[in-house]
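Report on the following structure.
Computed from the coordinates by the stated procedures, all read-outs in this text should not be read as laboratory data. Small disclaimer: the values here were computed from a predicted structure and weren't measured. Quick reminder, even Gly has a Cβ in these numbers, built from the backbone with ideal geometry, and neighbours come from all protein chains shown.
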Amino acid sequence: MRIAFLGGTGDIGAGLALRFGRDTDHELLVGSRDPEKARASADEYGAELEDRGLDATIKGFENAMAADRADVVVLAVPAYHLVDTVEAVADRLDPDTVLVSPAVGMKRDESGFHYNRPGAGSVAALAAEAKPDDVPLVGAFHNLPAGGLADLDRAFEWDTLVFGDDADAKSTVIGIAGEVDGLRPLDIGGLGNAAEVESVTPLLINVAMENDGLHDLGVQFR
């Protein structure tokens, strides 16, 4: 399977690409608005994995080209770039492509980070409005710390909450997420539950900021 990380040169894209490169056999595509930046990051991730004795297939492309080649497209971009990114690649998506949104809208004040819920109800709902109607959307990977993912020496036991209205697409995402060592995907229902998942991320950041030893905090449900 080919998995594309649009905005894959950023923190969460890097962390996911490295973990999928280490733990799975999928072909990985790093996307960016700048194809040279995408190729440089893909080479960097590949070199890090090669240094660990791993032979991962990671290539860099402009976002639309990465989306065109992928079976699963992860929108690893900030919430404020999400709609523009979806619209820019919309004509490269088809009904067999699974679109994945991990984006969270946040704002910060003197008290800390807060969920910035958009008028559509959630950031995932914004993606759903921007995508082609026949392309399934799944939410996943929201509450994972980018730094912890990118640190391949770190072992973890984290859960990722997965939601979506298309059962087959959701099953695909649950399947690939479960291939990452230490990551447990949990199905929490449909797109209507997106805001509850997205709002957990600023809470985790605040806990990590205010408590020693909890940097790059993940979550596990028991």
query = Can you give the calculated 222 nm mean residue ellipticity of the chain, where each DSSP H run of n ≥ 4 adds -39,500 (n - 2.57) and the sum is split over every residue, rounded to the nearest 500 deg cm²/dmol?
reply = -11500 deg cm²/dmol
task = Enumerate the calculated ³J(HN,Hα) couplings along region 182-192 in order (Karplus 6.51 cos²θ - 1.76 cosθ + 1.60, θ = phi - 60°), each rounded to whole Hz, writing x wherever the residue is Gly or Pro.
result = x, 10, 10, x, 10, 6, 10, x, x, 4, x
task = Quick one: check the C-alpha center-to-center distance for region 140-190 versus region 44-82, whole angstrom.
result = 17 Å
note = Of region 153-183, those with amide N under 18 Å from the point 7 Å along the Cα→Cβ vector of D133 are 165-166
remark   = Least to most buried among K37, K170, K59, by other C-beta atoms within 10 Å and fewest first, runs K37, K59, K170
request  = Convert 4 °C to kelvin, take the viscosity as 1.567 mPa s, use the Kirkwood radius over C-alpha pairs of region 107-222 as Rh, and evaluate the Stokes-Einstein diffusion coefficient in µm²/s, rounded to a whole number.
outcome  = 85 µm²/s
task = Would you mind calculating the relative contact order of the chain from Cα pairs under 8 angstrom and at least 6 residues apart, reporting the percent as a whole number?
result = 19 percent
note = Cα-only Rg/Rh for region 2-210 with Kirkwood Rh rounds to 0.94
